[in-house]
Amino acid sequence: MDNKNRGSFSGSIGFILTAIGSAVGLGNLWGFPYKMGANGGFPFLIIYLIFVVFCGVVVMALEMSIGRKTGKSPVLAMGEIGRQYRIVGWFSVLCPTIISGFYSVLIGYSVRYAWGFLLEIFGGNGFDGMGGGDFFGTYTADVTQVLIFTIITLVGCGIIVAGGISGGIEKFNKVGIPGLFVLLIVIIIYNFTLPGASQGLTYMFTSKGMEMAGTEFDFFNACRVAAGQMLFSCSLGMGIMITYGSYMKPEESISRNAWIIPAADTLAAIMAGLAIFPAVFAQGGTPNGGVGLLFITLHDTFTSMGSIGNIIGFLFYVLVIFAGVSSLISLMEVSSAHFIDSSEAKGKPVSRKKAVLAMTAIIFVLSVPVCLDMLGGSAITQLPLVSKIGCLLDTYDFFTEGLMMPLAAILMCLIVGWKKGPSWYEEEMEKCGNKIIGKSFFRVSIKYITPAMMTFVLISLALSYLGI
Ligand code: PHE
């Protein structure tokens, strides 16, 4: 903590909002609502909540404890537990860097869409007179434009991260996250004035959703989908909460934060569904998820609302940008923190600005092939490894969300739960007289329940990505 380049959060609200900022992202907006409807509705929500409690809350507390106890970013933090565990920390440098390589491209798309709707509000031609599918196809094929919007995103986020923890990241989240919830509420209220909006609720909360999405209930598949979604959505298994935890003040309650952050993330995911599906159904659209939902279905939905749709569309994409940026800066912070800490440990300290600049450049290099791949429209997708998984974006996602994240979560539970034992993390969680909310729950989960559930996730996610 003595490194002047590290910094710390100014207080609990700043920390909580920043961690929620990392958790609430594109995953909440395009992943959760669709998956909930397509995988059983209410029963899916219950399965998801079980994973949130037994894996999300537990790994969140574990990561924050590791971070604060060691005061270091993941590689050095894991190395302090045991030299041989540094490899787990390395996942935490690789994973966020790879995810940033596609996440930045997607936020760049949202910047383009927000700009498009802004032009439309003032009577301009924001989408070259094209509808959802056509515009999206044309835009993604225009690699120069996609690269420009990706650069705008990366430079913007780089400036925030270079500003430091309290001066940049916390400042953005203190405005961005309340702003995000306000935007969600405004859009939800508007949605409920639309005729036919209740179909959105039917889709998300009842078993009719499966009929609407053309799917069938499969318990194991629902578990697998819920678990992968939870890990990604709570930003776990890649050292983000280790890094943020290392900036946390000792008087903060780790267990309280570990309950609040996943709860807020789940709330945001449900609210995102209410901000999306009632409008989609009211305008006669069909449910889908992922890139198609965010950039094609919703574009058509807003366009068919008439002139008010331009305003709602603009607000919606600003919401996506807030959610995306607050997540991307957490990804960029982890890898930059690694540079800062390891250079310090070698006695050749690098300034935060230089570390962020280097990381931004590396992420940009990783994002270029994603832009060139045009979501599967290029020869890159035909490469042997890539074609087995999907497009290049799916491949980045497979190695991170499908492999490294669950693996890191399991290893962290086993290393801390079995090798170090409960007193190691309990001491940290009880610092400054804090009580652990659910002490026995954490003990049993870290050792047995979480690693067992995560192993199931790892195996089934890997198999499903490979289509087995
Ligand atoms: N949790 C973010 C989301 O739901 C994405 C993210 C993943 C952010 C991993 C940081 C780390 O979109």
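The values are calculated or read from the model by the stated rules, or taken from the named source; none is laboratory data. What you are looking at is a predicted structure, and each value in this text was computed from that prediction instead of being measured. Virtual Cβ from ideal backbone geometry, glycine too; neighbours counted across all protein chains shown.
Brief remarks follow.
- Candidates T381, T400 - the one that is in contact (Cβ under 8 Å) with a residue 60 or more places away in the chain and either farther than 20 Å from S235 by Cβ or not charged (D, E, K, R) (or both): T400
- Listed here are the helices (runs of 4 or more DSSP H) enclosed by segment 350-460 that have at least 1 residues being under 19 Å from the mean Cα position of the chain (by Cα): 352-373, 392-397, 405-414.
- Options G116, G123; residue that is out of contact with any Gly (no Cβ under 8 Å at 6 or more places or on another chain) and either over 16 Å from D394 (Cα atoms) or modelled with pLDDT of 95 or more (or both): G123
- Residue tally, condition of a type in the set (S, T, Y), closer than 30 Å to T215 by Cα and not in a helix (DSSP H, G or I), over segment 7-35: 0
- Of note, G131 does not satisfy the criterion of being away from the ligand (no atom under 16 Å from the Cβ), closer than 14 Å to G324 by Cβ and either in contact (Cβ under 8 Å) with a residue 40 or more places away in the chain or buried (at least 20 other Cβ atoms within 10 Å of the Cβ) (or both).
- Meeting the requirement of 1 or more residues that are under 30 Å from I415 (Cβ atoms) and not basic (K, R), the helices (runs of 4 or more DSSP H) wholly within segment 165-268 are 170-191, 219-233, 240-246.
- Residue tally, condition on the phi < 0 side of the Ramachandran plot and surrounded by fewer than 24 Cβ atoms within 10 Å (Cβ to Cβ), over segment 39-50: 7
- Filtering segment 383-407 to residues that are crowded, with 22+ Cβ neighbours inside 10 Å and of a type in the set (S, T, Y) leaves T395, Y396, T400.
- Figure legend. Inter-residue proximity from segment 313-336: first residues within 10 Å of G176 (Cα to Cα), second residues within 10 Å of the ligand (Cβ to nearest atom), beta-carbon distance below 6 Å, spacing 6+ or different chains. Indicated pairs: A323/V24; A323/G25; S326/G21.
- Candidates A269, A213, filtered to the one that is among the aliphatic types (A, V, I, L, M), closer than 30 Å to F302 by Cα, surrounded by fewer than 19 Cβ atoms within 10 Å (Cβ to Cβ) and touching a residue at least 60 places away in the same chain (Cβ under 8 Å): A213
- Test for I254: is it buried (at least 18 other Cβ atoms within 10 Å of the Cβ), away from the ligand (no atom under 16 Å from the Cβ) and within 19 Å of T450 (Cα to Cα): yes
- Residue within segment 81-90 that is away from the ligand (no atom under 13 Å from the Cβ), at pLDDT below 95 and surrounded by 23 or more Cβ atoms within 10 Å (Cβ to Cβ) present: yes
- Selected residue (criterion: surrounded by the fewest Cβ atoms within 10 Å (Cβ to Cβ)) from residues of segment 170-185 that are over 18 Å from P33 (Cα atoms) and touching a helix residue (DSSP H, G or I) at 6+ places or on another chain (Cβ under 7 Å): G179
Per-residue answers, yes or no, for (1) surrounded by 20 or more Cβ atoms within 10 Å (Cβ to Cβ); (2) free of Cβ contacts under 8 Å to residues at least 60 places away in the same chain; (3) small (G, A, S):
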site: V225; (1), (2), (3): yes, no, no
site: I242; (1), (2), (3): yes, no, no
site: K249; (1), (2), (3): no, no, no
site: D265; (1), (2), (3): yes, no, no
site: P278; (1), (2), (3): yes, no, no
site: F281; (1), (2), (3): yes, no, no
site: T286; (1), (2), (3): no, no, no
site: G292; (1), (2), (3): no, yes, yes
site: T297; (1), (2), (3): yes, no, no
